[in-house]
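Taking it in order: structure first as structure tokens, then the write-up.
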Amino acid sequence: MEVLGLVDIPTWLQWVMLLVGLVVTYVIYMSWDHNTFKKMGIDGPKPDPVFGNMRMLTEDGVIKAELDMYRKYGKVFGMYESYVPVLYIADPALLKDILVKDFKNFVNRRDTFRKFSDSKMNLMLTQLQDDHWRFVRNTITPTFSGKKLRQMTSLINNSADKFMEHIDQKIKEDEDIDMKGFIGGFTMDVIASTGFGLDVNSQNNPDNSFTKHARYFSDPTSIAVLVVIVFFLPFFWWILRLSAFLGFNLTKVRTAMNFFARVTEKALTERRQSPGEHFDFLGIMVKAEKGDEPTEEEKGDELLKENDASETLSTWTRKTLTVEEITAQATLFFVAGYDTTSNTLCFLMYHLVLYPEICDNLLQEIDDKLNGQAPNYDNVAKLSYVEMCIHETMRLFPAAARLDRVASNDVTIGNIRIPKGMIINIPVGAIQMDPEYWPEPEKFDPERFTPEAKANRDPLVFMPFGAGPRNCVGMRLALLELKIAIVRILQKYRPVKSPKTEIPIKVSKMGNIPLGLYLKFEKRT
């Protein structure tokens, strides 16, 4: 190539110049919005070119990094996830506006992954937006009504029966128990039975397909691939779509999605061929596919009253769920219910070993109030101290350590002018470790959740299931499962330290996931 007809530039130099140009363009593009918070007058850590603050988030782990920034910059600060500005808000007064009072301007969650994902993932309730989200939310909420949960109690207890048998066997063999896998089998059995009427027997076969594919959603390699493409190579989003089209799963996440989709489609076909009254999640989905309305008893349930959003369905006219929507919600039922509940139960058992006096209090309440009765929907509601212990566990180790919302319009919250499209992150894990609300926050203390203590504290400083209309739709089932499991275990056994128990417990940087937790159980006398 000649320049002005004077200089002949070698081919190799042309390629170097092109490469340099591409690198410079990439750096400029990825750093273009790195002055957003400076313009808004909001403090925060200085971003690196291209990476933003991702180095801090990946090296320290999201939970620790957000806690450090919360302590350094206060309740409002800005960070950059690569090229994306993210506004962190932790002030309860502002959170009330975002999550409740001005919810209409913050209905949606971030759509970072939407263009990278296929239709199965994008149709999940967690990914849906605006009226589509409201329609699906209202449709599946009856699954978690009081009537349905009462009916599910026997299914949870059936899974707990197998769980007790396995603990007995471990005691006879004097074996240490790997709590994560052990409780995970119980949780998967509960999900399969309450969701789909399936007996997958995960506890007798911990490496069965259901459990194996559920683990894929937290596969470190798959998550790393997604993070690199989404945050650092956004131009190449089509790689994920193309790989799916060609039948090649670039990540184990997609493999798991396809597995649970096939399971759901098969179960759905079988359910259509055997009509009748079913009280599981799939039963609700089949009714929704036909356009059946919830029963009057279900409509009168407090849960539906609290979460009804039908009056805001201004433009939505469809009354039935599509097969694709049903498949997506069923897959979400598997995914959301597996790790979250099992992790909470693991962390609680660990703390009962560390704090034997708290374990004594739990045993006393269970013995006094149930007097040997099997747990059910109604009698576990009387166990206030059990619930206090669950809440304290969720305070220390929330399943969702951060929430996010996206501003659908330009809006002012407090004195902050938030532009349309800005992502709002709510650092739940950091808020729940703030000594302003929680003295000695590292200490496990269920007394923080007495009625008197809760009355003197803003409710938005404890959000393990989120808050407002977009909170976790399955939280009552999760709490019921936890209470029944705790009661069944403690009616017969007591958790104790094993030679393999590590103190303090190791937790994954990716989130509140216990690593290598080993305990033993002793029979109560």
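The values are calculated or read from the model by the stated rules, or taken from the named source; none is laboratory data. Being a predicted model, the structure only gives us computed values, none of them experimental. Note that we place each Cβ from the backbone using ideal geometry, even for glycine, and neighbour counts take in every protein chain shown.
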In segment 208-227, which residues are closer than 20 Å to H166 by Cβ, part of a helix (DSSP H, G or I) and not hydroxyl-bearing (S, T, Y)?
F210, K212, A214, R215
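Filter segment 31-42 for residues that are surrounded by fewer than 15 Cβ atoms within 10 Å (Cβ to Cβ) and at pLDDT 85 or above and give the result.
Within segment 31-42, N35, K38, K39, G41 qualify.
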Verdict on I191 being in contact with a Gly (Cβ under 8 Å, 6 or more places away or on another chain) and either closer than 29 Å to V225 by Cα or surrounded by fewer than 18 Cβ atoms within 10 Å (Cβ to Cβ) (or both):
yes
Flag for I28 being β-branched (V, I, T), surrounded by 17 or more Cβ atoms within 10 Å (Cβ to Cβ) and assigned to a helix (DSSP H, G or I):
no
Of the candidates V253, V263, the one satisfying the condition of being assigned to a helix (DSSP H, G or I), at pLDDT 85 or above, surrounded by 18 or more Cβ atoms within 10 Å (Cβ to Cβ) and among the hydrophobic types (A, V, I, L, M, F, W, C) is V263
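So which residues in segment 507-525 are exposed (fewer than 13 other Cβ atoms within 10 Å of the Cβ) and either assigned to a loop (DSSP other than H, G, I, E, B) or touching a Pro at 6+ places or on another chain (Cβ under 7 Å) (or both), if there are any at all? Write out each step before concluding.
To start, the set of residues in segment 507-525 that are exposed (fewer than 13 other Cβ atoms within 10 Å of the Cβ) comprises 515-516, 522-525.
Passing the criteria: G516, R524, T525.
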Residues that are in a loop (DSSP other than H, G, I, E, B) and either within 19 Å of V84 (Cα to Cα) or modelled with pLDDT under 95 (or both), drawn from segment 98-122:
F106, N108, R109, R110, D111, T112, F113, S117, D118
Across segment 409-428, which residue is farthest from T450 (Cα to Cα) among those that are touching a residue at least 60 places away in the same chain (Cβ under 8 Å), touching a Lys or Arg at 6+ places or on another chain (Cβ under 7 Å) and not aliphatic (A, V, I, L, M)?
N409
Could you please give the count of residues in segment 77-91 that are surrounded by fewer than 21 Cβ atoms within 10 Å (Cβ to Cβ) and at pLDDT 95 or above?
1
Output for segment 186-224, where each listed residue is touching a residue at least 60 places away in the same chain (Cβ under 8 Å) and farther than 18 Å from S159 by Cβ
F217, S218, P220, I223
Surrounded by 24 or more Cβ atoms within 10 Å (Cβ to Cβ), modelled with pLDDT under 90 and assigned to a helix (DSSP H, G or I): is that true of T143 in this structure?
yes
Answer yes or no as to whether I171 is part of a helix (DSSP H, G or I), crowded, with 23+ Cβ neighbours inside 10 Å and at pLDDT 90 or above.
no
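Yes or no, residue by residue, for (1) crowded, with 20+ Cβ neighbours inside 10 Å; (2) among the acidic types (D, E):
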| position | (1), (2) |
| --- | --- |
| V406 | no, no |
| Q432 | yes, no |
| K443 | no, no |
| N471 | no, no |
| G474 | yes, no |
| E481 | yes, yes |
Run N205 past the list (1) at pLDDT below 90; (2) over 18 Å from I167 (Cβ atoms) and report the number of the one that doesn't hold.
(2)
I need the full set of residues from segment 82-91 which are outside any loop (DSSP other than H, G, I, E, B) and either at positive phi or in contact with a helix residue (DSSP H, G or I) (Cβ under 6 Å, 6 or more places away or on another chain) (or both), in order please.
P85
Within segment 43-61, can one find any residue that is part of a loop (DSSP other than H, G, I, E, B) and loosely packed, with under 12 Cβ neighbours inside 10 Å?
yes
Find the residue count for segment 447-496, including only residues that are assigned to a helix (DSSP H, G or I) and under 26 Å from S159 (Cβ atoms).
18
